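Engineer: Here it is, the structure in full.
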Amino acid sequence: MAVNRTFSIIKPDATRRNLTGAVTKMLEDAGLRVVASKRIHMTRDQAEGFYAVHKERPFYNDLCTFMTSGPVVVQVLEGEDAVKLNRDVMGATNPADAAEGTIRKSYAESIEANSVHGSDSDENAAIEIAFFFKPEEIVG
Ligand code: UDP
């Protein structure tokens, strides 16, 4: 299995509860390495652009409001089969369905305020990384 990269966001519900370290530890314990990280407050334009794929979904407007409601930590994670590894440690979108030991089972508040984002494919990982990071900000 190849070492590759994925994109992660620690969402506003988690930064608000001071869980940046706790979430990052779960990512690291799963075998992922943080090769870029910054705390930002997303603008409405950024949130709408990032989630443009969900534009027609009923939750889109509320999701953009939530994602701009406080700081987030955007990260690039590196590891073996990083996209799948990260999705596994995140757990299901709805914390009610998330497996024991996952980040969302441990920390998510709701299907919306579910503590973390993670890319769902290598192709989207590359797009999402480029949305928030310049190449020189990523140090492997
Ligand atoms: N979301 C929501 N309501 C829903 C489904 C999703 O608010 O019914 C939010 C939630 O924060 C989720 C994000 O939209 O993480 C993106 O949804 P997606 O289906 O891509 O889930 P993910 O890949 O994050 O598990």
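Engineer: Within region 47-58, work out how many residues are in contact with a helix residue (DSSP H, G or I) (Cβ under 9 Å, 6 or more places away or on another chain) and either under 16 Å from Val116 (Cα atoms) or open to solvent by 60 Å² or more (accessible area, probe 1.4 Å) (or both).
Structural biologist: Total meeting the criteria: 7.
Engineer: Take Lys25 and decide whether it is basic (Lys, Arg), part of a helix (DSSP H, G or I) and either farther than 22 Å from Glu123 by Cα or in contact (Cβ under 8 Å) with a residue 40 or more places away in the chain (or both). Let's see the steps before the verdict.
Structural biologist: On the way: basic (Lys, Arg): yes; part of a helix (DSSP H, G or I): yes; either farther than 22 Å from Glu123 by Cα or in contact (Cβ under 8 Å) with a residue 40 or more places away in the chain (or both): yes.
Yes, satisfied.
Engineer: Here's another thing I want to ask about it. Residue under question is Glu78, and the condition is that it be touching a residue at least 12 places away in the same chain (Cβ under 8 Å), in a helix (DSSP H, G or I), more than 12 Å from the ligand (Cβ to nearest atom) and not hydrophobic (A, V, I, L, M, F, W, C); does it hold?
Structural biologist: Details: touching a residue at least 12 places away in the same chain (Cβ under 8 Å): yes; in a helix (DSSP H, G or I): no; more than 12 Å from the ligand (Cβ to nearest atom): yes; not hydrophobic (A, V, I, L, M, F, W, C): yes.
When the stated conditions are applied, Glu78 does not pass them.
Engineer: Okay, moving on. Filter region 82-96 down to residues that are within 10 Å of the ligand (Cβ to nearest atom) and open to solvent by 10 Å² or more (accessible area, probe 1.4 Å) and give me whichever is nearest to the chain's Cα centre (by Cα). Before you say what the answer is, go through the steps one by one.
Structural biologist: Step one: list which residues in region 82-96 are within 10 Å of the ligand (Cβ to nearest atom), which gives 87, 90-94.
Right, trim to open to solvent by 10 Å² or more (accessible area, probe 1.4 Å) and you get 87, 91-94.
Values: Arg87: 9, Gly91: 12, Ala92: 13, Thr93: 11, Asn94: 14 Å.
For region 82-96, the residue satisfying everything is Arg87.
The values are calculated or read from the model by the stated rules, or taken from the named source; none is laboratory data. As the structure is a prediction and not an experimental result, all values here were calculated from the model. So basically every Cβ, Gly included, is an ideal-geometry build from the backbone, and we count neighbours across all protein chains shown. Just so you know, the surface numbers come from the protein's heavy atoms only, side chains and all, with ligands and any DNA or RNA stripped out. Shrake-Rupley method; radii C 1.70, N 1.55, O 1.52, S 1.80 Å.
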